[in-house]
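Engineer: Have a look at this one.
The values are calculated or read from the model by the stated rules, or taken from the named source; none is laboratory data. Note that the structure is predicted; figures quoted are calculated from it, not measured. Because the Cβ atoms are built from the backbone with ideal geometry, glycine has one as well, and the counts that use them run over all protein chains shown. Note: areas computed on protein heavy atoms with side chains; ligands, DNA, RNA excluded. Shrake-Rupley method; radii C 1.70, N 1.55, O 1.52, S 1.80 Å.
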Amino acid sequence: MKTHNVVVGIFVTAAIVLFGACLFLIGDQHKAFNRHLVFYANFKSVDGLPKGAKVRVDGMDAGELVNIQIPTSPAQKFRLKMNIEDRLHGLIREDSLVTVETEGLVGDKFLLIHSGTDRSPEAPPESTLAGKEPFDLTKMLEQAQGLMNQAGTTITALQGTMKDVSGRLDTTLDTATGTLRNVNGVVLDVRNGKGAAGLLLEDKATATDVRQSIANVRQTTEKLNTTTTRVDNLLADVQTRQLVPKMDDTLTSAKAATQNLNQTTEQINTTLKSAFAQDQYGEDAGTNLQQSLTNLNQASGNLTDDTEALKHEFFFKGFYKHRGYYNLEDLPAEQYRSGQLFKSLPESREWIDASGLFTTNQSGEEVLSANGRQNIDQAVGQLKEIYDKPLIIEGYASSGSPSEELVQSRRRATLVQTYLQLHYHLQPKNTGIVALRSTPPQNAGKPTFDGVSLVSVGRSSK
């Protein structure tokens with residue numbers, strides 16, 4: 001009995017060791033025990049790229065594709081999330097390029113990250129790398145088929161032209177053969193002394209004059225042949241290029257286009273007259289449009305009031321209170337500065353000075369600089385999370401009158417908000433701006449500031 005228990009124990013121990021070894025080998029194959037970094041890339045078309053596909057850096061296996069976020073509209077792109085080993089982070093720069101490649105001609109799809117240059121800084125984790133759209137072989141084949149069809153059409157037209165030229169050449173040769181026969185008959189008659197030419201040949205002086213005239217005629221004939229050859233070449237070139245039919249087609253197309261343009265103009269005039277004509281009450285289109293816009297503004301205002309009232313209604317008040325905020329589009333500055341709105345929520349904050357954000361354009365207005373966009377990207381990388389959580393952009397301005405500070409601080413916050421929504425695809429409902437002039441909130445730890453601060457509120461907006 002003891003021997004049986006020992007055998008069973010040895011078997012169970014060996015099975016556990018073998019299972020652990022297999023688990024380690026499988027985990028090592030998928031790089032499960034290595035430290036990974038997350039990067040993103042955007043593509044208009046994933047070209048059959050599956051979830052879980054390999055990710056390589058300069059040909060070396062570096063990780064895998066862990067998620068593909070489907071766009072919500074045709075204007076957006078697929079967002080690809082990649083896990084990359086930390087040991088290859090030094091090759092991934094901000095100017096690195098992500099492409100979709102295929103192993104061989106019909107192999108599996110994978111993502112290839114091309115290493116950037118030494119002049120560019122390392123791409124921070126959670127950043128979005130530039131993507132190059134995959135090559136579309138179908139479009140290239142369609143273009144090649146179109147070129148082949150055009151070549152076939154050209155060859156067919158050339159064959160028709162050659163047949164026409166060949167027929168005309170045969171006719172010319174037949175005519176020349178008949179002419180030579182007639183000339184031979186005349187020469188024989190002259191040699192036999194028939195006709196005036198035969199009589200002239202008997203007189204030596206006349207014969208000499210005739211020989212000289214014939215020599216002159218030959219020279220004239222040679223020149224005439226040369227001129228005829230040039231004319232034939234010119235006619236052949238005209239026929240080959242089909243200039244006359246093309247001119248006729250061009251004139252026909254121009255006439256048709258002119259007629260279509262006249263018809264279109266008449267239709268547009270008729271439509272405009274009908275659109276801007278007075279209605280049954282004697283009002284024109286401009287008056288009706290202005291009245292419609294007035295009614296729309298009134299309806300929008302009423303809808304805003306009704307929605308605000310609904311937030312404080314008994315049945316919905318708990319929902320908005322649980323969210324932690326009412327509307328990020330219009331934050332009250334004084335309540336926000338005193339910490340009353342988000343006092344129960346944790347927050348992460350990044351400060352960006354105005355000198356590292358903005359520059360002045362030709363019109364004298366502040367715009368985001370290239371260095372400013374890089375500073376925003378670095379600040380976003382320092383925040384814990386920016387998706388599915390409220391993100392507040394605080395604007396500050398410490399020069400000018402109070403009203404000028406208010407306008408400038410709001411404009412700065414708006415510029416940064418627009419860049420974040422376009423570059424990081426943030427949902428508009430989760431981003432808000434607040435113009436605080438030059439005075440930060442009480443818990444910020446700064447008496448004054450000039451620039452922009454990014455604040456990520458801890459509670460999710462979902």
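Engineer: Give me the 1.4 Å probe accessible area per residue for region 329-420, excluding ligands and nucleic acids, in Å².
Structural biologist: Value returned for region 329-420: 53 Å² of accessible area per residue.
Engineer: Using a 1.4 Å probe and ignoring any ligands, DNA or RNA, find the accessible area of Glu122 and quote it in Å² to the nearest 10.
Structural biologist: The accessible area comes out at roughly 90 Å².
Engineer: Once amide H atoms are placed 1.01 Å from N in the peptide plane, what residues at a sequence separation of 5 or more from Val57, or on another chain, have their amide H within under 5 Å of its amide H?
Structural biologist: Correct list: Ala62, Ile113.
Engineer: Then there's this: Whenever you get a sec, compute what percent of the accessible area on region 56-141 sits on carbon and sulfur atoms (1.4 Å probe).
Structural biologist: 55 percent
Engineer: Quick one: which residues, 5 or more positions from Ser369 or on another chain, have an amide H under 5 Å from its amide H? H modelled 1.01 Å from N in the peptide plane, none for Pro or chain starts.
Structural biologist: Under 5 Å from the amide H of Ser369: Phe358, Thr359.
Engineer: Roughly how many percent of the accessible protein surface of region 363-462 is carbon and sulfur, given a 1.4 Å probe and a whole-percent answer?
Structural biologist: Using a 1.4 Å probe with all protein chains present, region 363-462 comes out at 48 percent carbon and sulfur.
Engineer: Further question: What is the distance in Å between the Cα centroid of region 388-404 and that of region 252-277?
Structural biologist: Between the Cα centre of region 388-404 and that of region 252-277, the gap is 53 Å.
Engineer: Right, something else. Heads up, I need the accessible area for Thr271: 1.4 angstrom probe, whole protein in place, Å², nearest 10.
Structural biologist: 90 Å²
Engineer: Hey, which of these cross-link pairs are over 28 Å Cα-Cα: Lys77/Lys343; Lys77/Lys109; Lys81/Lys446; Lys77/Lys389; Lys77/Lys384; Lys132/Lys389?
Structural biologist: Check vs 28 Å cut-off fails for Lys77/Lys343; Lys81/Lys446; Lys132/Lys389.
Engineer: OK, next. Note down the net charge around Tyr40, summing +1 for each Lys or Arg and -1 for each Asp or Glu among other residues with Cβ under 9 Å from its Cβ.
Structural biologist: Around Tyr40, the charge tally is +1.
Engineer: Expected output is a single nm value to one decimal: the length gained when fully extending between Ala130 and Asn269, i.e. 0.36 nm times separation in residues minus the C-alpha distance. What is it?
Structural biologist: Gain in length upon complete extension: 45.2 nm.
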